[in-house]
Amino acid sequence: MSINPQRLIDLFGLDGKSAVVTGGSRGLGYMIAGGLLDAGCRVIISARKVDQVTAAADELSARGPCEAIPADLSTPEGCEALASAIAERWDSLDILVNNAGASWGERLDEFPAHGWSKVIDTNLGGPFFLTQQLLGLLRPAARPADPARVINVASIDGLRVPDLETYSYSASKAGVIHLTRHLAKRLAAEHITVNAIAPGPFDSKMMAFILDDPEARADLASTVPLGRIGEPDDLAGTAVYLASKAGSYLTGATVVVGGGLACAD
């Protein structure tokens, strides 16, 4: 049986689509932005630090059209400013990836209020308010057979209790998963799908304190049923699937990309 390349392109290709990836200057967002570019998207990435997001966009431009817009998505005002900047460039938006995030670790007895607020505002408020502000661009791109897409990046720690004392992080990611379902129910009639990805361990700034240590990295990998740390293609492929025709009938779902951690003891 021969493979039909055109059929695969029709299912998974994203030629001509527009995508925004928040937190796209490094880590998970950078991996996702690269995958969307490889699939044919034009991409805007955002992040707080101007030099980092600009440098990342320059690197990613070797894979396709990519532009940087600096933004702080920890406040509704920051979300509105990013949405306005996108609207100055594009008349519609096919794919929004809400990936920008923050974390905070502290002993329970000492966990500070500002550590709680910073993480909740960024990880949970950011996806909600940016999606809200970009509905005016997502709606023109939405079609019954080819919906506009919102992809929220949650975490395996939103599904299980982590060993680390990252209370606001795990709570925010659990919130992202339920927010995804709530938005999916509300927006389905408008042909906008909303799904989440819950990554396990991948190379990122948040995981660097473990993964940059070879011994700690090996120890962590040994706890993953598939026996390894996630690779960029693992995450990028999932995002492309959710954004493509192949994923057009999926909404309100959380895809766990964690090497089996969700079912581990």
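Just so you know, all these numbers are worked out from the coordinates, no wet-lab data involved. Everything numeric in this text was worked out from a predicted model, so none of it was measured. As a convention, Cβ positions derive from the backbone with ideal geometry for all residues, glycine included, and neighbour counts pool all protein chains shown.
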Residues V153, V21, V256 in order from fewest to most other beta-carbon atoms within 10 Å are V256, V153, V21
Could you tell me what % of all Cα pairs in segment 26-76 have separations over 13 Å? 51
Residue order, fewest to most beta carbons within 10 Å, for S2, S172: S2, S172
At 7 Å along the Cα-to-beta-carbon direction for both A253 and E80, put a label point, then send me their distance in nm to one decimal. 3.6
Rounded to two decimals, the Debye log10 I(q)/I(0) of segment 114-203 (Cα scatterers, no solvent) at q = 0.11, 0.12, 0.17, 0.18 Å⁻¹ is -0.34, -0.40, -0.73, -0.79
Size of the dipole of the chain about the Cα centre, Lys and Arg at +1 and Asp and Glu at -1 on the beta carbon, nothing else charged, in debye to 20? 920
Neighbour net charge for T75 - beta-carbon separation under 13 angstrom, K R +1, D E -1: -2
Hydrodynamic calc, segment 191-265: Kirkwood Rh from Cα pairs, then Stokes-Einstein at 37 °C with viscosity 0.692 mPa s, so D in µm² s⁻¹ is 243
5 angstrom amide H check on E67, placed H, neighbours 5+ away: V43, I44, I45
With just the Cα atoms defining each centre, how far is segment 224-257 from segment 1-72? Give it in Å. 15
Just to confirm a number: summing +1 for Lys and Arg and -1 for Asp and Glu over residues other than L187 whose beta-carbon lies under 12 angstrom from that of L187, what do you get? +4
Hey, what D do you get for segment 56-198 in µm²/s if you plug the Kirkwood alpha-carbon radius into Stokes-Einstein at 37 °C and 0.692 mPa s? 204
Name the residues whose placed amide hydrogens come within less than 5 Å of the amide hydrogen of I197, ignoring near sequence neighbours (fewer than 5 apart) on the same chain. N152, V153, A154, V255
Translational diffusion coefficient of segment 59-143 at 10 °C, 1.306 mPa s, Stokes-Einstein with Kirkwood Rh over Cα pairs, in µm²/s as a whole number. 110
Give me the Debye-computed log₁₀ of I(q)/I(0) at q = 0.15, 0.17, 0.21 Å⁻¹ for segment 137-265, equal point scatterers on Cα only, no solvent, two decimals. -0.74, -0.90, -1.19
So the FRET efficiency between S61 and L108, C-beta based with R0 = 51 Å and rounded to 0.05, is 0.70
Report, in deg cm²/dmol and to the nearest 500, the calculated mean residue ellipticity at 222 nm for the chain, where each DSSP H run with n ≥ 4 adds -39500 (n - 2.57) and the sum is divided by the residue count. -13500 deg cm²/dmol
With H178 itself left out, Lys, Arg at +1 and Asp, Glu at -1 over residues whose Cβ is under 14 Å from its Cβ give +4
Selection of trypsin sites (Lys or Arg not before Pro), segment 1-95, meeting DSSP coil and at most 13 other Cβ within 10 Å: K49
Using a 10 angstrom cutoff on alpha carbons, build the Gaussian network for the chain and name the most mobile of G35, G115, G101. G115
FRET efficiency, 1/(1 + (r/R0)^6) with R0 30 Å, evaluated for A216 and H178 via beta carbons: 0.45
Neighbour-count ranking [beta-carbon atoms within 10 angstrom, fewest first] of T22, T75: T75, T22
One would report the Cα pair-distance distribution of the chain, bin width 10 Å, in %, as 7, 31, 38, 19, 4, 0, 0
Ratio of Rg to Rh for segment 1-106, alpha carbon only, Kirkwood? 1.05
Calculated FRET efficiency for the pair T223/K245, C-beta based, R₀ 35 Å, to 0.05: 0.45
